[in-house]
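See below for the structure under consideration.
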């Protein structure tokens, strides 16, 4: 069994909760299902930013991540975090908005995604929440393929990554450790 420490309460390490999940088979990369309660993504410990479901929002997400990591003194994580969040946002737009939830009343209502960031001692979790319920799965692209490498990049740059069903969508997340 692998474990992910999830901060609760006021953010002190004394309030951590260990949540177990099955370890991936040896040599198998890919997402890990972590059944985090949907209310967890709404806690004050998680900083969020709404994004519309357009590929160009990946730029907004990258800038937000870099700025927030700078405020937290974790600039060393910024390059990898930007690349990870770029892949997660683009994947959410392409694959997570099929059964789109829209904001009623807005002109040309668009699907709303959320970028979430959680800072813990020595690590940062970035997540993108989308309305889709499909399990994210890395693909094996052809040698000349121009797509299908996004989750492989997330896997290569993160300490651990996975997804959590929320009942009304999912959160695809990655944890980066401070070097």
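A simple spin-label model places pseudo-atoms 7 Å from Cα toward Cβ; at residue 153 and residue 59 they are separated by 1.6 nm.
Descending by average beta-carbon neighbour count within 10 Å, the peptides 54-64, 167-177, 74-84, 123-133 line up as 123-133, 167-177, 74-84, 54-64, the highest first.
Extension gain, residue 76-residue 177: 0.36 nm per intervening residue step, less the Cα-Cα distance, totals 35.4 nm.
Rule-based calculations on the coordinates, nothing more; no lab input. Every value quoted in this text rests on a predicted model; they were computed, and no experiment measured them. Ideal geometry is used to build each Cβ from the backbone, glycine not excepted, and the neighbour counts take in all protein chains shown.
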